[in-house]
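A.B. asks: The structure follows.
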Amino acid sequence: EAIEQLGAMTAKCNKEYKKFIPIFGNHDTNYQGVVSSEDSSRGDLSQQVIDATMFCYNGGKSYYKYKGNNTTFYIFDTGIDWTASVTSEYQKEQLDWFGKDVANEKGNIAILLHIITNDNIANVGNNFDLVSFSQDILDVCVAYNSRSSITKYGNTYNFLTSIGSVKFFLGGHTHADAEQTINGIPLVITTNFYGNNFDLLTIRHIINTY
């Protein structure tokens, strides 16, 4: 059922929009073919299904980047919500790819990922805490914007000569709208995709000189 729904949604979005960029969520799901032994109802897909679907980007990975007209989008796989307190090896792989790649990126940069927080937004509002992987990505982005260097999990990323700018994070998962700005970077969370409803966001850039 999950793959049928995702396939139908992908076909609709590809028809309606010039470019459709899928972000992998905790109910979709990829996770490099690992089927959940803890909760099989979450719809984790086998490697055979993954290989035959839209889940493979960046050489068969579930993280990749897309270059738009004015923005480079980095898309991450944040995994499943019960792993949110620890950054997994697969997420460390994504972080290392990002830290090395973004150093040479120019212009506007956007971060797209499903799980920014696991907090209940109804209780904490905009004062949410980040899950481990999202915090790691934010730490790298802050170092990038401040033209400094940072070491994560034994890997050092130097942004002293970088000239781009990370503009925002965009995520979901919480089923509630929330927004928090940390070190000048807005973290925006959208509501949901239930009952044929969805959020439409328009992004307008102020022209920068780099």
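A.B. asks: Considering only protein heavy atoms, with the full assembly of protein chains and a 1.4 angstrom probe, order HIS175, HIS114 by accessible area, largest first.
C.D. replies: Greatest to least solvent exposure: HIS175, HIS114.
A.B. asks: If you don't mind, there's one more thing I want to ask. Give, rounded to the nearest 20 debye, the magnitude of the charge dipole that the stretch 90-182 has about its Cα centre when Lys and Arg contribute +1 at Cβ and Asp and Glu contribute -1 at Cβ.
C.D. replies: The dipole magnitude comes to about 340 debye.
A.B. asks: Once amide H atoms are placed 1.01 Å from N in the peptide plane, what residues at a sequence separation of 5 or more from SER149, or on another chain, have their amide H within under 5 Å of its amide H?
C.D. replies: Under 5 Å from the amide H of SER149: PHE159.
A.B. asks: Can you give the net charge of the other residues whose Cβ lies under 15 Å from the Cβ of VAL124, counting K and R as +1 and D and E as -1?
C.D. replies: Its environment carries a net charge of -4.
A.B. asks: Once the whole set of protein chains is in place, how much accessible area is left on CYS141, using a 1.4 Å probe, in Å² to the nearest 10?
C.D. replies: CYS141 exposes around 0 Å² with every protein chain in place.
A.B. asks: Shifting gears a bit: Going down the list LYS67/LYS152; LYS67/LYS100; LYS65/LYS92; LYS67/LYS167; LYS19/LYS92; LYS19/LYS100, which pairs span over 22 Å between their C-alpha atoms?
C.D. replies: LYS67/LYS152; LYS19/LYS92; LYS19/LYS100
A.B. asks: Quote the accessible area belonging to ASP139 in square angstrom, nearest 10, computed with a 1.4 Å probe and with ligands, DNA and RNA left uncounted.
C.D. replies: Answer for ASP139: close to 40 Å² accessible.
The values are calculated or read from the model by the stated rules, or taken from the named source; none is laboratory data. Predicted model, so just to flag it, every value in this text is computed and none were measured. Every residue, glycine among them, receives a Cβ derived from its backbone with ideal geometry; neighbour counts consider all protein chains shown. Note: accessible area is taken over every heavy atom of the protein model, side chains too, but ligands, DNA and RNA are not part of it. Shrake-Rupley method; radii C 1.70, N 1.55, O 1.52, S 1.80 Å.
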